[in-house]
Amino acid sequence: MEQFDFVILMLDAMLRVSVPLVLAAMAGLFSERSGIVDIGLEGKMLGAAFAAAAVGALTGSVWLGLLAGILASVALAMLHGYACITHNGNQVVSGVAINIMVAGLTVVLGIALFSRGGQTPQLPAEARFTALTWPGAEAVADVPILGALYSELLSGHNLLVYVAFLAVPATWWVVYRTRFGLRLRAVGESPEAVDTAGISVAGMRYRALILTGILCGVAGAYLSTAQSAFFVREMSAGKGFIALAALIFGKWRPVPVMLACLLFGFLEAASARLQGAFDVDNASGFVREVLTGLPFLIDVLPFILVVLLLAGFVGTAVAPKASGIPYVKER
Amino acid sequence: MSEGGASVSERPEAATAASGRAGLPPAIELRGINKSFGPVRANRDVSLVIQKGSIHGIVGENGAGKSTLMSILYGFYQADSGEVFVDGRKANIVSPDDAIAAGIGMVHQHFMLVDPFTVLENVVLGAEGGALLAEGKAKARSELQRLEHEYSLEVDIDAVVGDLSVGLRQRIEILKALYRGAETLILDEPTGVLTPQEADHLFRILASLKEQGKTIVLITHKLREIMAITDNVTVMRGGEVAANVATKDTDTEQLAELMVGRKVLLRVEKTPAQPTETVLTVTGLNVVDGAGVRRVKDVGFTVRAGEIVGIAGVAGNGQSELLEALAGIRQPASGHIRVRDQDISAEHAVDARGMRELGLGHVPEDRHRMGLVMPFAANESSILGYHYDPAYNGRIIMERQKIIDLCAAQMKAYDVRPDNPLLTSANFSGGNQQKIVVAREMERNPDLLLVGQPTRGVDIGAIEFIHRRLIEMRDAGKAVLLVSVELDEIMSLADRILVMFDGAIVGEVAQSEANEQVLGLMMAGVSPDAADEVA
Amino acid sequence: MAGAAANTGVPRWVAVGLLPVINLLAAFLVSGLVILAIGENPLRALAILLNGAFGYQEGIGFTLYFTTNFIFTGLAVAVAFHCGLFNIGGEGQATLGGLGVGLVLLYLDFLPFVLILPVAIAAAVVFGAAWSYLPGLLQAKRGSHVVITTIMFNFIASALMVYLLSQILIKPGQMSPESREVAQHTWMPFMHDIFPIARSPWNGSFIVALLACAFLWVFVWHTRWGYEIRTVGANASAAVYAGISPSRNIILAMVISGGLAGMLGVNEIMGVNHRLILNFSAGYGFVGIAVSLMGRNHPVGIVLASLLFGALFQGGADLAFEIPKITREMVVFIQGLVILFAGALEYLFWPFLVAVFGREADTALAAAE
């Protein structure tokens, strides 16, 4: 029973850690499927986390906070679009610029608004996404296995957790079942085919970036108003890049990308668990080295896996063919 | 995404003036189309009439302005001036959307398909018929089955396009256009990438489309195709219409002449060649391109010291690939290249540097893509391929002044203007850029000089100069292989002429026996004996 | 892009000099507006910043210490750019370079300084180069995009350092993840030890950085190897025509790039910290992108741009002291703006400059054919 509880606990931790990854990865999916490389997921998330916490703290409304997070993230996505679509700028440089700008600006504005060294004040409960308890969760909590699964794993999360996991089928549906999705996939593979079919390439890419902005906005709001109750500098802590890694690992397809996020989330949860979990002092020599090194190895596993994938050692990852290349009509 | 953007207005006098035999207005009429790209005039005052229900050919050499004209008709570019009439009514086509609405479909030379998509998805892209795909796809499926049946355009609707052959992909492009209700179908060089069998199949499809009342515009440089299936033909040359004729009233020779034009003959003073030992021997050479198409087919020939061997042919018949294989840029699939007594087999191919070390010089066909590095200063471009030469390399440091002096000397000898070795390569005119390349390759005194399109985009003065130099190289006992699509150039320079068609050498003609008619027929794939009889 | 100036008839100095300056002014203008928005006076901030960076000896020393780091990472980005590659792995390569320096100083400290110095620099180069070799190799041989692989290598490097410093190299009996201090005789001399100037972290690494600039200048523009790298970067087909192997040069350019980034470790570990610590790369690798863009990938431009960012860093520190509301993060934000305007929106003002300075040059017309 204890082992079962441990598994439930791990899975629960995995879910919580995976939420921002799933949202950001779906965000990146829209951008990259349209042919725009987005290494600015990190910056958009961070910007949204700040905007959500700041507006939440100022207005006391969780919804206004979420809206602010989304607007901030969409604005950054449009800046990326303006540089990369309208001005054919380098997409990687633009992404780097956005990441660095946001890392600086969030702290500058945070200090200007709250004078707490870049942190926002603790958010009151009404400005946070709190856990939703599903009907009957408490009643069935003692039922073996199923009860625990229901009350611990399904129930008891905040709204954004459910949003994140609903975003996956929604993304799948949009990408594979709608006109927009068909054009989105086409514009990332063969913009000239889209152009000759009488569809605006720039228009499609801007629309994709708006969706990217919205999803990244939710991811950011989750960090500051759901997972924690305040914004703290650099709080995205590389999650945007892990999401990018998951996006590549899932080969730009919604369900595999989600699974990659869950895998990476699991690794993160496991690494946190493992640190100090072993009685290192009693082990000796090589075993000891392995045990102490394990959490770090698990930490970098997502990145190593992506490199191996890109190198073609574990399957192949073929990016949308037109990604990274500004669309200029050929003469 | 706008719908019905083509504004159409009545213009009755145009309709009657240009009406066809059946009394119908022409499917398409172009009047006085002009289009420039910067200083280049791609179309000059082009007017032509395309009858409804006919197959209309547009022929011309590369760069004659055919594709530009059709891109204007399809709304991909806007004409600087001129008018377009569709079904006798003036049409304002400013985007592909407008062209589609006006019933014009286009099959581009490079297919506009999304490789990972299925055939069905490719066909509905841009014509989905609603925000959700399911319904539109179901509708498209039945419509496609009808179209396939009607025009014998069989293709597996659910196959992924990337897995299909080129011929099948082309059918999808045709289906795409028909699905959008195209009445007029433009095909840009449709057989360039097809096998002869696929091409024959395509022609059968086009014939059946014509039977059903569709209008076909066929852009090509292959005269055989024009003669085989068109009703009327427009010949373009240098951006202008050289002639509009009914196909039955013309023949291949006349079209070849119209296409190439009677240019001022730049006859070069030269004595008969005195060839000595063999420098280059090519045997059984095959070259396959990145797409897996065999571009050079079992080619074999020799070039001797003291002669110029010309390779004639319509562009795109494997000459470029042959030249690149000989220069070590492209690895051959099989065969042997022998330079003097060094044998190089496809299995042990060497790179361009290795070929140069065997005494080979190479003036590439495209100086923008290969001959020069445009952002480099002229003196840096003037050592491209020879940058490792100890003549101006210390152990570590490159001796810049020596390179600049060398470039200055070459510029003087080849009359490059301005003669400034420090100027950026991109800032020279085409003729002067070409002289920089020619000087670089000739001044090394190669035993064998490969020359591709030496005078493309070059002014008359530079043409004469380059031609004279080539003769001097020959007289100095060098072996020269000249690839050119300019018949005049080949006829005035080459001592022996090989003609390439569809990747293979059709035959060889001595300079004394060469004339435009014979060469023109051989360029169309007719064997030399047969060509002789016709001529 | 390289040919942007060629076909418009705009004078070279406008493209090379004026455009970056205008882009920089645009970035500063936006920064000024943000300072205004948070209720401070941008002009006063500018004055404090300039004074902090150049107004007194210690300030100048700090400015030049930061400049040293930017020169290394800027050169690293530039050499990859010349080969048409985008190395955003400067952070990871610098981290590894520092590790190399640290290991030499920790374990070879029986050597005299005259031997330590070259060995430590070599270790920085080799470790940094090793960290960029794999991304370079994968790009050249397998087409794995170097941007993504170098990002991944940044994270791997950072985790590796955390592991080494918290488990292996940690000073016994201590909680914070850092190594013991290295022997004093292995330190890079401070400039204030040599010259009679105020104390600052400015050290001999600055001279190493200037030598690296000279090396890069010679290598890229005055050797056949640099020629090959530039040819591959400018026109890969022309390279193949010339018998130059693109894949070999991609690997070479990445290795040199990583080696240059690795030398940041000399300044940070041997010059200032004198022990291995975490996160000493502190974003210098990313800012190297801005430095290289601003400096037009040329050593002289890179030194000037490094000086600019060094002054921003140091002046920004003083600014944070004088005006508590404007923290160091303001400088981070300005860096981001500079990357945006000088990099991604590089040609935002170009049409305007073409309108003012362009001419219908005959050569340009003819060249365009």
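The values are calculated or read from the model by the stated rules, or taken from the named source; none is laboratory data. Being a predicted model, the structure only gives us computed values, none of them experimental. With ideal geometry, Cβ positions are generated from the backbone for all residues, glycine too; neighbour counts draw on all protein chains shown. Side chains included, ligands, DNA and RNA excluded: accessible areas come from the protein's heavy atoms. Shrake-Rupley method; radii C 1.70, N 1.55, O 1.52, S 1.80 Å.
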In the range B:157-180, residue most open to solvent (accessible area, probe 1.4 Å) [restricted to those that are closer than 18 Å to B:ARG146 by Cα and assigned to a loop (DSSP other than H, G, I, E, B)]: B:ASP158
Any chance B:PRO454 is assigned to a loop (DSSP other than H, G, I, E, B), in contact with a Leu (Cβ under 6 Å, 6 or more places away or on another chain), within 30 Å of B:ARG338 (Cα to Cα) and of a type outside the set (Phe, Trp, Tyr): no
Positions within the range A:150-179 being over 21 Å from the mean Cα position of the chain (by Cα), over 30 Å from B:LEU133 (Cβ atoms) and open to solvent by 60 Å² or more (accessible area, probe 1.4 Å), in sequence order: A:TYR150, A:GLU152
Selection within the range C:142-160 - more than 7 Å from chain A (Cβ to nearest Cβ) and hydrophobic (A, V, I, L, M, F, W, C): C:VAL146, C:PHE153, C:ALA157, C:LEU160
Count of the range A:290-304 residues which are facing another protein chain (nearest Cβ under 9 Å) and crowded, with 20+ Cβ neighbours inside 10 Å: 6
Which numbered condition A:ALA229 misses (of (1) modelled with pLDDT under 95; (2) touching a helix residue (DSSP H, G or I) at 6+ places or on another chain (Cβ under 6 Å); (3) open to solvent by less than 10 Å² (accessible area, probe 1.4 Å)): (2)
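Take A:LEU259 and tell me if it is modelled with pLDDT of 90 or more and of a type in the set (A, V, I, L, M).
When the stated conditions are applied, A:LEU259 passes them.
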Unique match (being within 26 Å of B:MET398 (Cα to Cα) and more than 12 Å from every other protein chain (Cβ to nearest Cβ)) among B:GLY359, B:GLY354, B:GLY328: B:GLY359
Residue among B:GLU198, B:GLU211, B:GLU183, B:GLU189 that is open to solvent by 10 Å² or more (accessible area, probe 1.4 Å), among the charged types (D, E, K, R) and without any contact (Cβ under 8 Å) to a residue 24 or more places away in the chain: B:GLU211
Scan of the range B:437-453 for residues that are away from chain C (no Cβ under 12 Å) and open to solvent by less than 40 Å² (accessible area, probe 1.4 Å), ordered by number: B:VAL438, B:ALA439, B:MET442, B:PRO446, B:LEU448, B:LEU449, B:VAL451, B:GLN453
Residue check, B:ILE337 touching an Asp or Glu at 6+ places or on another chain (Cβ under 6 Å), open to solvent by less than 30 Å² (accessible area, probe 1.4 Å) and at pLDDT 95 or above: no
Residue in the range B:115-124 that is open to solvent by 10 Å² or more (accessible area, probe 1.4 Å), more than 10 Å from chain A (Cβ to nearest Cβ) and assigned to a loop (DSSP other than H, G, I, E, B) present: no
Residue among A:THR120, A:THR59 that alone is open to solvent by less than 10 Å² (accessible area, probe 1.4 Å) and more than 11 Å from every other protein chain (Cβ to nearest Cβ): A:THR120
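Restricting attention to the range C:185-217, which residues are outside any helix (DSSP H, G or I), under 23 Å from C:LEU111 (Cβ atoms) and out of contact with any Gly (no Cβ under 6 Å at 6 or more places or on another chain)?
C:TRP187, C:PHE190, C:GLY204
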Within the range A:78-96, tally of residues that are facing chain C (nearest Cβ under 7 Å) and without any contact (Cβ under 8 Å) to a residue 60 or more places away in the chain: 6
Qualifying residue in the range C:126-134 (condition: within 20 Å of the chain's Cα centre (by Cα), open to solvent by less than 50 Å² (accessible area, probe 1.4 Å), more than 21 Å from C:ILE207 (Cβ to Cβ) and within 14 Å of another protein chain (Cβ to nearest Cβ)): yes
Flag if B:ARG356 is basic (Lys, Arg), open to solvent by less than 40 Å² (accessible area, probe 1.4 Å), at negative phi and assigned to a helix (DSSP H, G or I): yes
Checking B:ALA462 against (1) at pLDDT 85 or above; (2) under 25 Å from B:GLU269 (Cβ atoms); (3) among the small types (Gly, Ala, Ser); (4) not in a loop (DSSP other than H, G, I, E, B), the condition it does not meet: (1)
Counted residues, the range B:226-250 - those being within 21 Å of B:LYS35 (Cα to Cα), open to solvent by 30 Å² or more (accessible area, probe 1.4 Å) and outside any strand (DSSP E or B): 1
Positions within the range B:30-67 being of a type in the set (S, T, N, Q) and open to solvent by 10 Å² or more (accessible area, probe 1.4 Å), in sequence order: B:ASN34, B:SER36, B:SER47, B:GLN51, B:ASN62, B:SER67
Residue list for the range C:273-320, restricted to those being part of a loop (DSSP other than H, G, I, E, B) and touching a Ser or Thr at 6+ places or on another chain (Cβ under 7 Å): C:ARG275, C:LEU276, C:SER281
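Would you be able to say whether some residue in the range B:129-138 is closer than 23 Å to B:ARG204 by Cα and either modelled with pLDDT of 90 or more or away from every other protein chain (no Cβ under 13 Å) (or both)?
For the range B:129-138, residues closer than 23 Å to B:ARG204 by Cα and either modelled with pLDDT of 90 or more or away from every other protein chain (no Cβ under 13 Å) (or both): absent.
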Residue list for the range C:249-269, filter: under 10 Å from C:GLY136 (Cβ atoms) and open to solvent by 10 Å² or more (accessible area, probe 1.4 Å): C:ILE250, C:ILE251, C:LEU252, C:VAL255, C:ILE256
Extreme residue, most open to solvent (accessible area, probe 1.4 Å), among residues of the range B:408-419 that are touching a helix residue (DSSP H, G or I) at 6+ places or on another chain (Cβ under 7 Å) and within 14 Å of another protein chain (Cβ to nearest Cβ): B:ARG417
Residue match in the range B:310-330 (condition: open to solvent by 30 Å² or more (accessible area, probe 1.4 Å), closer than 22 Å to B:ALA514 by Cα and at pLDDT 95 or above): no
Any hit, the range C:280-298, residues being touching an Asp or Glu at 6+ places or on another chain (Cβ under 7 Å), over 21 Å from C:GLY39 (Cα atoms) and open to solvent by 20 Å² or more (accessible area, probe 1.4 Å): yes
Qualifying helices (runs of 4 or more DSSP H) (wholly inside the range C:1-98; at least 2 residues being without any contact (Cβ under 8 Å) to a residue 24 or more places away in the chain): C:19-37, C:42-54
Residues (closer than 11 Å to C:GLY74 by Cα and among the polar types (S, T, N, Q)) located in the range C:301-329: C:SER306
